[in-house]
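What follows is calculated from the coordinates using simple rules that are stated; it is not laboratory data. This is a predicted model, so every value here is computed, not measured. So basically every Cβ, Gly included, is an ideal-geometry build from the backbone, and we count neighbours across all protein chains shown.
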Amino acid sequence: MNGSVNIYDQEYKSRSATEDWMMPSENLVRALKLCGLNRPLKNNSKALDFGCGDGRHSEWLIKEGFGVCSTDVSAEAVKASRIRLDSLGLLSKADLRQIENIQEISYFKKEFDLIVAWELLHWLGTKQKWQSFFDEALKNLFLEGAIVFTMPTENHFLLPNAKLVNKCYVINDQVNFFDKSEKTQEVSLYAPPLQKMKNYFKSLGLKQLYLARFEHGREGSKASLEVRSGYYVFVLCKA
Ligand SMILES: C[S@@+](CC[C@H](N)C(=O)[O-])C[C@H]1O[C@@H](n2cnc3c(N)ncnc32)[C@H](O)[C@@H]1O
């Protein structure tokens with residue numbers, strides 16, 4: 001398995017509530033509002049927060065009126081999301097589950113109106129897993145449902161430290177970024193160029209909206225992680 005699970009287990013064990021992760025991403029909120037997708041369009045609408053982390057978007061989606069299924073590969077992330085939603089009295093609106101593979105979302109036996117995959121698809125690590133995400137997401141999406149997600153730009157803050165091996169970016173100082181123990185570990189990221197992604201989405205016969213490229217801030221900038229990241233935002237609709 002991609003080493004990201006260890007990294008994030010460590011991260012969520014030690015993370016204290018920081019501004020970066022307390023609020024929903026303003027780019028996600030803006031993108032969904034622009035597309036008129038931030039509110040449920042019918043009763044009992046369900047959203048999937050795939051790679052939910054510690055639950056900031058699960059919280060926001062519930063407050064907007066969705067029932068939410070939240071998953072993450074990291075058990076610590078799912079635990080942190082559960083604690084967050086419970087403390088806000090929102091747990092009854094959520095179904096949370098740690099999953100290893102995207103195929104396991106069939107556990108929810110739901111057709112989703114919205115799938116959110118924010119700041120994580122690059123962690124899937126291989127082209128095959130990345131494509132499987134879209135296959136499974138589409139299988140579990142209502143007609144006219146939407147997937148909103150980010151993918152790193154070539155300036156994403158992780159990529160300058162990576163080398164390309166078999167068409168994947170491999171990073172080996174990742175652990176130092178999150179974990180003060182100075183261990184190093186290899187993690188692969190899969191982040192295809194923009195045009196390749198657009199061609200692939202076109203081949204799936206979807207209504208595709210590419211919203212924006214958000215550039216990372218200056219080197220050493222104190223801006224939030226979100227601002228420093230450098231990513232593209234996509235919305236795909238099942239037509
Ligand atoms: C940068 S965090 C983003 C968390 C959340 N989406 C947010 O925006 O707050 C990346 C998340 O992706 C999760 N992740 C990494 N690889 C994954 C995989 N293969 N399947 C599901 N989640 C994964 C990590 O555990 C982590 O919680």
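Could you give me the ³J(HN,Hα) list for the range 57-68, computed from phi with Karplus coefficients 6.51, -1.76, 1.60 and θ = phi - 60°, whole Hz, x at Gly and Pro?
Here the 3J(HN,Hα) series is 7, 4, 4, 5, 5, 4, 5, 7, x, 8, x, 10 Hz.
If packing is taken as the average number of other Cβ atoms within 10 Å across a peptide's residues, how do 61-71, 197-207 rank, most packed first?
61-71, 197-207
Gap in Å between the Cα centre of the range 26-42 and the Cα centre of the range 48-66?
For the range 48-66 versus the range 26-42, the Cα centre distance is 13 Å.
Let me make sure I get this right: for the range 21-60, a, b and c are the square roots of the gyration tensor eigenvalues over alpha carbons, sorted descending. Under 1.5 in a/c it's rounded, otherwise prolate if a/b > b/c, else oblate. Which is it?
Verdict is oblate for the range 21-60.
To make sure I understand, if each residue's beta carbon is the centre and we count other beta carbons within 10 Å, what order do LYS129, LYS110, LYS42 fall in, fewest to most?
Values: LYS129 15, LYS110 18, LYS42 7.
By the 10 Å Cβ count, ascending, the order reads LYS42, LYS129, LYS110.
A 21 angstrom limit on the alpha carbon distance is what I want to check against. Which of LYS33/LYS110; LYS63/LYS93; LYS109/LYS238; LYS63/LYS129; LYS63/LYS202 exceed it?
Pairs exceeding the cut-off: LYS33/LYS110; LYS63/LYS129; LYS63/LYS202.
Which order do TYR210, TYR231 fall in if you start with the one that has the fewest other Cβ atoms within 10 Å?
Working: TYR210 14, TYR231 26.
By the 10 Å Cβ count, ascending: TYR210, TYR231.
Starting from the Cα gyration tensor of the range 61-105, take the square roots of the eigenvalues, sort them a ≥ b ≥ c, and report rounded, prolate or oblate (rounded when a/c is under 1.5, otherwise prolate if a/b is larger than b/c, else oblate). All intermediate terms of the calculation are to be shown ahead of the outcome.
Values: a/c = 3.00, a/b = 1.47, b/c = 2.05.
Verdict is oblate for the range 61-105.
Mind giving me the nanometre distance, one decimal, between the label points for ARG39 and LYS109, set 7 Å out from Cα along Cα→Cβ?
Placing both labels 7 Å beyond Cα along the Cβ direction yields 3.2 nm.
Nearest 0.05, what FRET efficiency do SER14 and TYR200 give at R0 = 35 Å with Cβ-Cβ as r?
So the FRET efficiency works out to roughly 0.45.
Using amide H atoms built in the peptide plane, which far-off residues or other-chain residues are under 5 Å from LEU141 H to H?
Here PHE112 satisfy the definition.
How would the range 29-156 be classified by its alpha-carbon gyration tensor: rounded, prolate or oblate, with rounded meaning a/c under 1.5 and the a/b versus b/c comparison settling the rest?
The shape class here is rounded.
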